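The values are calculated or read from the model by the stated rules, or taken from the named source; none is laboratory data. Values in this document were obtained by computation on a predicted structure and should not be read as measured data. Methodologically, a virtual Cβ is constructed for each residue, glycine included, from the backbone with ideal geometry; neighbour enumeration extends over all protein chains shown. Remember, those area values only see protein heavy atoms, side chains included, never the ligands or the DNA or RNA. Shrake-Rupley method; radii C 1.70, N 1.55, O 1.52, S 1.80 Å.
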Amino acid sequence: MAESGDSRIRLSVDGAIATITLARPDKLNALDYGMVQALERAALAIAAEAGVRVAIITGEGGKSFCAGGDIEAWAALSPADFGLAWVRHGHRAFDALARLRQPLIAVLNGHALGGGLELAATADLRIAEEHVKLGAPETGLGIIPGWSGTQRAVRRFGPQTVRRMALLGEVFTAAEGLALGLVDAVVPQGQGMPAAIAMAERVARRGPLATQATKMLINAAEGEETERALEALAGSVAAASAELQEGLAAFRGK
Ligand code: COA
């Protein structure tokens, strides 16, 4: 499989399961611009891999899944670059993850804050280790939750839960996150990856085409590229029919 192009975004494949690991533990896996670009490349590499049935995303270090965007990097950005490069490129990377045809499982083996929570929101299923904290602290820093924290996160987590994190600065424990639907399972510290592999194997045993089409339809119901999902699914139906073969034969026979 293609590499992400940045050693801090590791990509590995074991059978039907691909794993993306954020590997910048000294900075709590905060994402700088290079890492964001590498995340997009990693997502595209996984999507292109027919043998991969399910993907996992996690962080290295055990303290933080991802502490969000690299706050230090913001200082060097002009307002135009902030909106057009930083935010927009984040959208491309996070959209590529959320729209992966394979189901994506996030292993929150440490805190998921700001951009880290938005990254977790790109996954279809989330497992949190019990020491994890979840929050959206951006407005306290004078910035907005701009990597889909006011959009996809609202669709997936519900507006009131996002309001409490983004407007009040509430930080939830893993147990509170489970009660609020921010995460789907809470496991003891260190047990996130084994739990994710068990979950991934369960997903991988199901019909791959049906699973991928169902993921796309659920995404579409949430407003995730609804129009394009309809065209993609209809395109596959048409391409699988005899009509396309007849059309091709007629074209070739002039
Ligand atoms: N951007 C850049 N660097 C970050 C970072 C971020 N979002 N989050 C943590 N770091 C860095 C720290 O600056 C520190 O670097 P240093 O060792 O070179 O000084 C290192 O990661 C460790 O973080 P530290 O703050 O010392 O750990 P802590 O255990 O005391 O606190 C947090 C952990 C998560 C509570 C704290 O790091 C934090 O609040 N981070 C910012 C989270 C945030 O607001 N994210 C929103 C951005 S979208």
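Just to be sure before I move on: is A220 in a helix (DSSP H, G or I) and closer than 18 Å to Q102 by Cα in the structure I sent? Break it down stepwise before answering.
Details: in a helix (DSSP H, G or I): yes; closer than 18 Å to Q102 by Cα: yes.
Yes: the conditions hold for A220.
Having 3 or more residues that are more than 13 Å from the ligand (Cβ to nearest atom) is the bar; report the helices (runs of 4 or more DSSP H) wholly within region 110-166 that clear it. Full working, then the answer.
Values: elements: 115-121, 152-157, 159-166.
In region 110-166, the matching helices (runs of 4 or more DSSP H) lie at 152-157, 159-166.
The residue pairs whose first member lies in region 112-139 and is under 23 Å from A198 (Cα atoms), whose second member is β-branched (V, I, T) and within 12 Å of the ligand (Cβ to nearest atom), and whose beta carbons are closer than 8 Å, counting only pairs six or more residues apart or on different chains, are A112/V132.
Those residues that are in contact with a Gly (Cβ under 9 Å, 6 or more places away or on another chain) and either open to solvent by 60 Å² or more (accessible area, probe 1.4 Å) or not aromatic (F, W, Y) (or both), I need them from region 153-169; list them, please.
Of the residues in region 153-169, the ones in contact with a Gly (Cβ under 9 Å, 6 or more places away or on another chain) are 155-158, 161-162, 165-166, 169.
Across region 153-169, the qualifying residues are R155, R156, G158, T161, V162, M165, A166, G169.
Of the residues E227, E201, the single one that is out of contact with any Pro (no Cβ under 9 Å at 6 or more places or on another chain), open to solvent by 60 Å² or more (accessible area, probe 1.4 Å) and without any contact (Cβ under 8 Å) to a residue 40 or more places away in the chain is E227.
Can you spot a residue in region 76-96 that is within 28 Å of P188 (Cα to Cα), within 11 Å of the ligand (Cβ to nearest atom) and out of contact with any Pro (no Cβ under 8 Å at 6 or more places or on another chain)?
So in region 76-96, the residues within 28 Å of P188 (Cα to Cα) come out as 94.
Imposing the further condition that a residue be within 11 Å of the ligand (Cβ to nearest atom) reduces the set to none.
No, region 76-96 contains no residue that is within 28 Å of P188 (Cα to Cα), within 11 Å of the ligand (Cβ to nearest atom) and out of contact with any Pro (no Cβ under 8 Å at 6 or more places or on another chain).
Quick check, is A195 surrounded by fewer than 17 Cβ atoms within 10 Å (Cβ to Cβ) and on the phi < 0 side of the Ramachandran plot? Here the answer is no, as A195 does not meet what is asked.
What residue, among those in region 23-33 that are within 12 Å of the ligand (Cβ to nearest atom) and among the hydrophobic types (A, V, I, L, M, F, W, C), is farthest from the chain's Cα centre (by Cα)? Selected residue: L28. In region 170-192, the residue that is nearest to L108 (Cα to Cα) out of those that are open to solvent by less than 30 Å² (accessible area, probe 1.4 Å) and in a helix (DSSP H, G or I) is G192. Summed over region 59-75, residues that are within 9 Å of the ligand (Cβ to nearest atom) and either touching a helix residue (DSSP H, G or I) at 6+ places or on another chain (Cβ under 6 Å) or not polar (S, T, N, Q) (or both) total 10. Residues in region 1-16 that are touching a helix residue (DSSP H, G or I) at 6+ places or on another chain (Cβ under 6 Å) and over 13 Å from I197 (Cβ atoms): M1, A2, S4, G5, D6, R8, I9, L11. Given the conditions (1) in contact with a Lys or Arg (Cβ under 8 Å, 6 or more places away or on another chain); (2) surrounded by fewer than 16 Cβ atoms within 10 Å (Cβ to Cβ); (3) hydrophobic (A, V, I, L, M, F, W, C), which single one is not true for A98? A98 satisfies all of (1) in contact with a Lys or Arg (Cβ under 8 Å, 6 or more places away or on another chain); (2) surrounded by fewer than 16 Cβ atoms within 10 Å (Cβ to Cβ); (3) hydrophobic (A, V, I, L, M, F, W, C) except (2).
The rows are residues; the columns are (1) over 15 Å from L39 (Cα atoms); (2) in contact with a Leu (Cβ under 6 Å, 6 or more places away or on another chain).
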residue: G62; (1), (2): yes, no
residue: F65; (1), (2): no, yes
residue: G68; (1), (2): no, yes
residue: E72; (1), (2): yes, no
residue: L77; (1), (2): yes, no
residue: L84; (1), (2): yes, no
residue: H89; (1), (2): no, no
residue: A123; (1), (2): no, yes
residue: A128; (1), (2): yes, yes
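Listed by first and then second residue, the pairs with beta-carbon distance under 6 Å, at least 6 apart or on different chains, first residue in region 58-74 and under 20 Å from A85 (Cβ atoms), second near the ligand (Cβ under 9 Å from one of its atoms) and in a helix (DSSP H, G or I), are C66/G116; G68/G115; G68/G116; G69/G115. Of the residues that make up region 221-239, is at least one under 30 Å from V132 (Cα atoms), at pLDDT 95 or above and aliphatic (A, V, I, L, M)? Scanning region 221-239 turns up at least one residue that is under 30 Å from V132 (Cα atoms), at pLDDT 95 or above and aliphatic (A, V, I, L, M).
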